[in-house]
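Q: Supplied in structure tokens, the structure appears directly below.
The values are calculated or read from the model by the stated rules, or taken from the named source; none is laboratory data. For clarity, every value in this text was computed on a predicted model and none was experimentally measured. Using ideal geometry, Cβ is built from the backbone for each residue, glycine included, and neighbour counts are taken over all protein chains shown. When the accessible area is computed, the model is the full protein with side chains, heavy atoms only, and any ligands, DNA or RNA have been set aside. Shrake-Rupley method; radii C 1.70, N 1.55, O 1.52, S 1.80 Å.
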Amino acid sequence: MHFISDQLENYIESHSENEPVLLQQLSRETHQKILQPRMLSGHYQGRVLSLISKLVNPKYILEIGTYTGYSALCLAEGLQKEGELHTIDNNEELVDFQRRYFDKSSFGNQIHQHLGNALDIIPKLKPNFDIVFIDADKVNYSNYFHLIMDKLNPGGIILSDNVLWSGKVLEPLKKDDLSTEAIMAYNKLLKDDDRVETILLPIRDGLTISRKK
Ligand SMILES: C[S@@+](CC[C@H](N)C(=O)[O-])C[C@H]1O[C@@H](n2cnc3c(N)ncnc32)[C@H](O)[C@@H]1O
């Protein structure tokens, strides 16, 4: 579903920060070689992630769902000098692709890849996240939230992608559509949990910002 017209989308992009050249290359190669390139955050959302990260200036970022590394590189732009970004993905075929682009950037030494199921890896990571970006399998969004909350610093930010799920959150729930059901439950969880203040933004497929009080 397109929430706004292509024309308006072009206008918005052309009046926002330009996409860095390295990310243009990453996006092009992802579209040429990797399945499901729609999963990549892309120019506009990428610049949003970059700006939020620069505003927060995090020491420690966790990303759940690396794919080809686009959003990791955007978030890394805001890291402190000694900061670290830890990113998790369970698709081993993407590891070398990600690393090639991480090493072409100036953040190669700060980005740590974790291969495996995020549900197993998150409990092993040390606490004190300043930003967590949740962008993996939708059925586990609520599980990720519960796993990270104790590891998130007060004032820390959770960014959750695809929370409008192509508008399906408004449609009658189809039997066996577990992803939509999970996203709807997750949106309610964020709204109801008193430990966070939450704003759902209609950016791309829906991006929620939640701040831990
Ligand atoms: C939407 S893509 C991430 C896109 C990326 N954040 C970006 O914006 O460019 C989701 C990724 O999550 C990974 N994934 C799905 N389920 C996972 C799980 N349980 N644990 C770790 N990674 C998972 C997939 O392999 C896929 O690469």
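Q: Please give the number of the condition TYR60 fails out of (1) open to solvent by less than 70 Å² (accessible area, probe 1.4 Å); (2) touching a Ser or Thr at 6+ places or on another chain (Cβ under 7 Å); (3) of a type in the set (Phe, Trp, Tyr).
A: (2) is the only condition that TYR60 fails.
Q: For SER27, work out the one condition from (1) part of a helix (DSSP H, G or I); (2) more than 12 Å from the ligand (Cβ to nearest atom); (3) of a type outside the set (Asp, Glu); (4) open to solvent by less than 70 Å² (accessible area, probe 1.4 Å) it doesn't fulfil.
A: (2)
Q: Looking at SER160, SER166, SER179, which one is crowded, with 16+ Cβ neighbours inside 10 Å, among the hydroxyl-bearing types (Ser, Thr, Tyr) and either outside any loop (DSSP other than H, G, I, E, B) or within 16 Å of the ligand (Cβ to nearest atom) (or both)?
A: SER160
Q: Cβ-Cβ under 8 Å, sequence separation 6+ or interchain: first residue in the stretch 1-30 and within 18 Å of PRO202 (Cα to Cα), partner in a loop (DSSP other than H, G, I, E, B) and open to solvent by 70 Å² or more (accessible area, probe 1.4 Å). Which pairs?
A: PHE3/PRO202; GLU9/HIS2
Q: Taking the condition of being touching a Lys or Arg at 6+ places or on another chain (Cβ under 8 Å) and open to solvent by less than 10 Å² (accessible area, probe 1.4 Å), how many residues in the stretch 70-100 meet it?
A: Within the stretch 70-100, residues that are touching a Lys or Arg at 6+ places or on another chain (Cβ under 8 Å) and open to solvent by less than 10 Å² (accessible area, probe 1.4 Å) number 3.
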